[in-house]
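Working notes for the structure below.
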Amino acid sequence: MKFLVLPGDGIGPEIIESAVAVLKEVDKKHGLGIEYDYQDIGFASLEKYGTTLRPELLESARTYEGILLGTISHADYPKPDKGGINVSGAFRVGLDLYANVRPARTRPYITSNLREGKTMDLVIMREATEGFYPDRNMSRGWGEVMPSPDMALSTRKITRHCSERIARRAFELAAKRRKKVTAIHKANSFHMTDGLFLEAVRTVAKDFPDVQLDDLLVDASTAHLVRHPERFDVLVATNFYGDILSDLASELSGSLGLAGSVMAGDHQCCAQAQHGSAPDIQNQDKANPTSMILSVAMLLEWIGEKKELPLWKEAGTTIHNAIEKVLAEPENRTVDLGGSTGTRAYTAAVIKQIHIL
């Protein structure tokens, strides 16, 4: 199988290098036979080609079994008409990677940001191809306009099709976990858009009688994540809500640097760390590559599940187990986790554990 590797901006090249090094070791152990193609995106692409994402690269990405996408400094890009394409958004819409799967859980050996005694083990299933994001809710043009210098309007798009399919992925996952889905919405204010989303979730719920469904207003859900995180199993949310809640959940569980994430469609999957590009620490050997490495593990498990390849699922589990062994030892932890280990040394520790397991 071939993987497309896109290092990206900021610390992206460093954490991608770590993830690929780990992937190559687990490949040797499980005999996966992965080949890699590297391409430029982000500022490197902008300098070479005048755009952060070439259309032909996005089109060719369809031919790969897996994609590794580094961090993106989208906020620092020029405007779209000057070549500043949101790479993450373009991949989600262009390849229909509609399910942004973001787990968050506490670990007994990592200090969380929850109250003492509280634990968390949840997954946020975020719809990623529509919603409030102006770069992905119009077939042509942009979903924001300024009728006057003192007025700005934004359009939100919610469809039954996209709501039902993300809900289905959430229920399928919950059926394998603790059998509970919580729908996040603001239907008391957004009567039509969130009302449609909630209606779609309830329709899908009828196909999963063994999975409990409840719902929460998005503002109330933030309080429950802090006070009662144990009540959640799988949360399903529209794009904007899921984006915010997943960052909150991951930081509460210990650090955004521990949060794996994939963007999955029906036929393809992309691994991308949940956190940002952190340009303030790039090229200093300070980046925590855990999120990217765990994202790669999730990608392997997705491929193993979709293509019925047990070795790939085992390879993903091996990476997860290696990460846990490394994190359990304080001397292995990176700066963001209160330690002093650099990116390269941390990666070497993970590879060592892969050999042992």
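A few notes on this one:
A quick yes/no check of all residues on (1) closer than 24 Å to residue 61 by Cα; (2) of a type in the set (Gly, Ala, Ser); (3) within 16 Å of the chain's Cα centre (by Cα); (4) open to solvent by 20 Å² or more (accessible area, probe 1.4 Å):
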position: 261; (1), (2), (3), (4): yes, yes, yes, no
position: 269; (1), (2), (3), (4): yes, no, yes, no
position: 277; (1), (2), (3), (4): yes, yes, yes, no
position: 281; (1), (2), (3), (4): no, no, no, yes
position: 289; (1), (2), (3), (4): yes, no, yes, no
position: 293; (1), (2), (3), (4): yes, no, yes, no
position: 306; (1), (2), (3), (4): yes, no, no, yes
position: 315; (1), (2), (3), (4): yes, yes, no, no
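- Residues being open to solvent by less than 20 Å² (accessible area, probe 1.4 Å) and either at pLDDT below 95 or acidic (Asp, Glu) (or both) - total across the stretch 68-82: 0
- Count - residues of the stretch 92-131 that are in contact (Cβ under 8 Å) with a residue 60 or more places away in the chain, open to solvent by 40 Å² or more (accessible area, probe 1.4 Å), within 29 Å of residue 175 (Cβ to Cβ) and assigned to a loop (DSSP other than H, G, I, E, B): 3
- The residues in the stretch 152-182 that are assigned to a loop (DSSP other than H, G, I, E, B) and farther than 17 Å from residue 264 by Cβ can be counted, and the count is 6.
Conditions (1) open to solvent by less than 10 Å² (accessible area, probe 1.4 Å); (2) assigned to a helix (DSSP H, G or I); (3) in contact with a Gly (Cβ under 9 Å, 6 or more places away or on another chain); (4) more than 30 Å from residue 346 (Cβ to Cβ), marked per residue:
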{"position": "184", "(1), (2), (3), (4)": "yes, no, yes, yes"}
{"position": "207", "(1), (2), (3), (4)": "no, no, no, yes"}
{"position": "216", "(1), (2), (3), (4)": "no, no, no, yes"}
{"position": "226", "(1), (2), (3), (4)": "no, yes, no, no"}
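- If you go through the stretch 136-188 and keep only what is within 22 Å of residue 124 (Cα to Cα) and among the polar types (S, T, N, Q), you end up with 137, 159, 163, 182, 188.
- Those residues of the stretch 121-149 which are of a type in the set (A, V, I, L, M) and over 18 Å from the mean Cα position of the chain (by Cα), in sequence order: 138, 145, 146
The values are calculated or read from the model by the stated rules, or taken from the named source; none is laboratory data. Just so it is clear, the model here is predicted, and its values are computed rather than measured. For neighbour counting, all protein chains shown are included, and Cβ atoms are generated from backbone atoms with ideal geometry for every residue, glycine included. Please note that ligands, DNA and RNA were not included when accessible areas were found on the heavy atoms of the full protein model with its side chains. Shrake-Rupley method; radii C 1.70, N 1.55, O 1.52, S 1.80 Å.
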